[in-house]
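Down below is the structure, laid out as structure tokens.
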Amino acid sequence: MSDITANSASGAPRKGSLLVQDGRTQRRNAAERRFQIYGMIAVSVAVLALIFLLTSIVRNGIGAFSQTFITLDVVLAEDKLDKTGNRDRDEMAKVSTFGYAPLITAAIEDRIAAEGIEIEGLSKPVDLISKQAAADLRDFVLANTDRVGETVEFQFLASGRIDGYYKGRVTMASAELDSNVTPQQLMLADALKDTGALERTFNWGFITSPDASENRPEASGLGVAILGSLYMMIVVLVLALPIGVAASIYLEEFAPKNRLTDLIEVNISNLAAVPSIVFGILGLAIFINFAGLPQSAPIVGGLVLTLMTLPTIIIATRASLKSVPPSIREAALGVGASKMQTVFHHVLPLAAPGILTGTIIGLAQALGETAPLLLIGMVAFVREYPGAPPEGFFDPASALPVQIYNWTTRSDPAFVERASGAIIVLLVFLLLMNLIAIILRRRFERRW
Amino acid sequence: MNDIKISASGVDVFYGDTHAIKNVSVEIEGNTVTAFIGPSGCGKSTFLRCLNRMNDTIDIARVTGSILLDGEDIYDAKVDPVQLRAKVGMVFQKPNPFPKSIYDNIAYGPRIHGLARNKAELDEIVEKSLRRGAIWEEVKDRLDQPGTGLSGGQQQRLCIARAIATEPEVLLMDEPCSALDPIATAQVEELIDELRQQYSVVIVTHSMQQAARVSQKTAFFHLGDLVEYGETGHIFTNPEDSRTESYITGRIG
């Protein structure tokens, strides 16, 4: 605009060589270059921040995927585990983990003696093995009652400190000051490593095991949290997608434009901006206190997250419905299609990629949401896996982001690694969801 | 003299507070091409869209007066616009094929109206419509390809074929050639002349040459009024109203 006025003000046509840039052109080009530089700076800052974030998480968390194990030969003494000798599972279940602990102690002491390892001042070599080990051994025996009386090779989790020693968290110097581990025990670990009894392998338990208590970080896993999150996502998908899409289609294509629909529209946008913790209080009041649904259950978490996801899906769906060109609607109406046929045969398929993207974004948001889940009791310590659906929806469970939150509040430094590992798992799930969205979108687009 | 197909009397259209069509009365004959001409914004498209109630889709549009199709009031409360639009087909200014295959573009109308009992009959309708749309030879080997992949002129003929696949009695065309080059325009005009044998065609056009070439009757609209309506030859050679004369000689518009 200013160019035009400046030109007409001077009145006379401009004279000058095209090969020489005049002052105005130079200023314009300089402004353009400046803008491009700002843009590149902004992009670099964002990319650097992302790289920094990812590397720090991966560096902290990658250790959670490997774990130190100690393989020992354990004598499953019949006189300790099955006094009656009839291999009755119920009777054997009466032997608590305290009954198994001496077997493990004997196993490691035998091993030390057999290898001829001598370390001065070594006490309680059994501390090398996780406190979880007795429970694991008990589970094994109860599952394989016929093995009692034999000597079996069993892989035990090493304790958190020993694991930390091989991940660089624990050193000889820190062990001096640590009441949980002694330098002699670390030396023993090194000696066992030389004999091949101690090794570091991939840690499936981190993905499949349930959470473990404060002083057994080595045994903790994400199994219950992953299952809980999966159940919640199923609830959200099954409820939020149809409700959201139906509401959007009605509002966008059928509803008359009046005060009431304007009010509804404004409130949907407002709903999207409501802090998520408010939805948690709402869920606590309505679903748990009023409707009487159980606490810590994926169904309640799913319902709360559905409320949170709905506005996202509705807004995305309406935007993609709006972006379908009106000429397609006219074409369909012109050949005598009814309003509903127009929407379902022509508009909705064209809007589907956008709707899918919106839904996946909504789901991804829900997957990472923590605050509302804290209020409905999903922060509880849950070691039992929820059952199979549909009953499982009502069983107590945890959720991935809540598990991360939970672990970051624990004092043992081993949980830093666990929390970062859980973040990696969460990010992998988010990436997978985006991948699914892209694949589905491609598929739908190819049809048209 | 042909039968009267559509008889409109005292039609007023309001868009909110705007009075877009003022007391228009016109009788459209069967087996005739009727052209609506006039400067931009004169209401000719609006009036055309009244004839198959496409204005219903615009919330603020209000239509009064009576429009009779074969003696039946199309604005009667008992009339379902869906049935009406099956009888009164429409071709739009911009070619707007569905983003589906050529076959599905044509088959969509017959499918939703239940005009074919089986696949063979549907195939037959598709072929017949494409032949009448003068595009069969060009697309017969690629019926499964998307209609949006055709050229502009082909797309418009596809849309015409789609409109006639539902066996309408009246075909409304809203500037069907405005997005086409002269060759495609000639093909479409030739097609319009053939369609006259079976349908009553109403065409809105900005090109007076086109109106003169294809139509038998011409209506001239100006600022929402129907200024003059009569035989095309008469209007172009001997207009009665001075505004018509100014427009066709290029002094207004």
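Here are some notes:
- Candidates A:L356, A:L400 - the one that is away from every other protein chain (no Cβ under 14 Å), open to solvent by 10 Å² or more (accessible area, probe 1.4 Å) and under 30 Å from A:F444 (Cβ atoms): A:L356
- When each of A:G421, A:G377 is tested for being open to solvent by less than 20 Å² (accessible area, probe 1.4 Å) and within 18 Å of A:V235 (Cα to Cα), the lone residue that passes is A:G377.
- Among the residues of segment B:158-175, the one identified as within 11 Å of chain A (Cβ to nearest Cβ) and open to solvent by 20 Å² or more (accessible area, probe 1.4 Å) is B:E167.
- Residue selected from segment B:113-135 under the condition hydrophobic (A, V, I, L, M, F, W, C) and crowded, with 19+ Cβ neighbours inside 10 Å, by the criterion farthest from the other protein chains (Cβ to nearest Cβ): B:I135
- Residues satisfying the stated conditions in segment A:307-337, i.e. of a type outside the set (D, E), surrounded by fewer than 22 Cβ atoms within 10 Å (Cβ to Cβ) and within 14 Å of another protein chain (Cβ to nearest Cβ): A:S323, A:V324, A:P325, A:P326, A:S327, A:I328, A:R329
- Strands (runs of 3 or more DSSP E) (entirely within segment B:7-112) containing at least 3 residues that are under 16 Å from the mean Cα position of the chain (by Cα): B:18-29, B:33-37, B:88-91
- Taking the listed residues A:G149, A:G160, the one that is in the same structural domain as A:T97 (by TED's automatic domain parsing) and either surrounded by fewer than 17 Cβ atoms within 10 Å (Cβ to Cβ) or farther than 19 Å from A:I104 by Cβ (or both) is A:G149, with no other qualifying.
- From the list A:V235, A:V245, the one residue that fits, being under 28 Å from B:V82 (Cβ atoms) and open to solvent by less than 50 Å² (accessible area, probe 1.4 Å), is A:V245.
- Hits in segment B:170-218 (condition: assigned to a loop (DSSP other than H, G, I, E, B), closer than 23 Å to B:L84 by Cα and in contact with an Asp or Glu (Cβ under 8 Å, 6 or more places away or on another chain)): B:Y199
- Lone unmet requirement of (1) in contact with a helix residue (DSSP H, G or I) (Cβ under 6 Å, 6 or more places away or on another chain); (2) surrounded by fewer than 20 Cβ atoms within 10 Å (Cβ to Cβ); (3) not small (G, A, S); (4) not in a loop (DSSP other than H, G, I, E, B) for A:F140: (1)
- Residue in segment A:190-204 that is nearest to the chain's Cα centre (by Cα), counting only those that are open to solvent by 20 Å² or more (accessible area, probe 1.4 Å) and not hydrophobic (A, V, I, L, M, F, W, C): A:T201
- Residue within segment A:55-67 that is outside any loop (DSSP other than H, G, I, E, B), under 30 Å from A:V152 (Cβ atoms), open to solvent by 30 Å² or more (accessible area, probe 1.4 Å) and in contact with a Leu (Cβ under 8 Å, 6 or more places away or on another chain) present: no
Conditions (1) open to solvent by 20 Å² or more (accessible area, probe 1.4 Å); (2) within 14 Å of chain B (Cβ to nearest Cβ); (3) in contact with a strand residue (DSSP E or B) (Cβ under 6 Å, 6 or more places away or on another chain), marked per residue:
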position	(1), (2), (3)
A:E265	yes, no, no
A:V274	yes, no, no
A:A297	no, no, no
A:L305	no, no, no
A:K339	yes, yes, no
A:T342	no, yes, no
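- Tally of residues being touching a residue at least 24 places away in the same chain (Cβ under 8 Å), among the basic types (K, R) and within 14 Å of chain B (Cβ to nearest Cβ) across segment A:414-448: 1
- Within segment A:383-395, considering residues that are touching a Gly at 6+ places or on another chain (Cβ under 8 Å) and closer than 17 Å to A:D211 by Cβ, the one most open to solvent (accessible area, probe 1.4 Å): A:Y385
- Cβ pairs under 8 Å, 6+ apart, first in segment B:88-108 and closer than 18 Å to B:K140 by Cα and more than 8 Å from chain A (Cβ to nearest Cβ), second charged (D, E, K, R) and open to solvent by 20 Å² or more (accessible area, probe 1.4 Å): B:S101/B:D144; B:I102/B:R142; B:I102/B:D144; B:Y103/B:D144
- Among the residues listed as B:S151, B:S178, the single one being over 24 Å from B:I74 (Cβ atoms), among the polar types (S, T, N, Q), under 14 Å from the mean Cα position of the chain (by Cα) and open to solvent by 10 Å² or more (accessible area, probe 1.4 Å): B:S178
- Condition check for B:Q145: open to solvent by 60 Å² or more (accessible area, probe 1.4 Å), within 14 Å of chain A (Cβ to nearest Cβ) and either hydroxyl-bearing (S, T, Y) or more than 13 Å from the chain's Cα centre (by Cα) (or both): yes
The values are calculated or read from the model by the stated rules, or taken from the named source; none is laboratory data. Everything numeric here is computed off the predicted structure, so don't read it as measured data. Here Cβ is always computed from backbone atoms with ideal geometry, including for glycine, and neighbour counts include all displayed protein chains. In case anyone asks, the SASA skips ligands and DNA or RNA and just uses the protein heavy atoms, side chains included. Shrake-Rupley method; radii C 1.70, N 1.55, O 1.52, S 1.80 Å.
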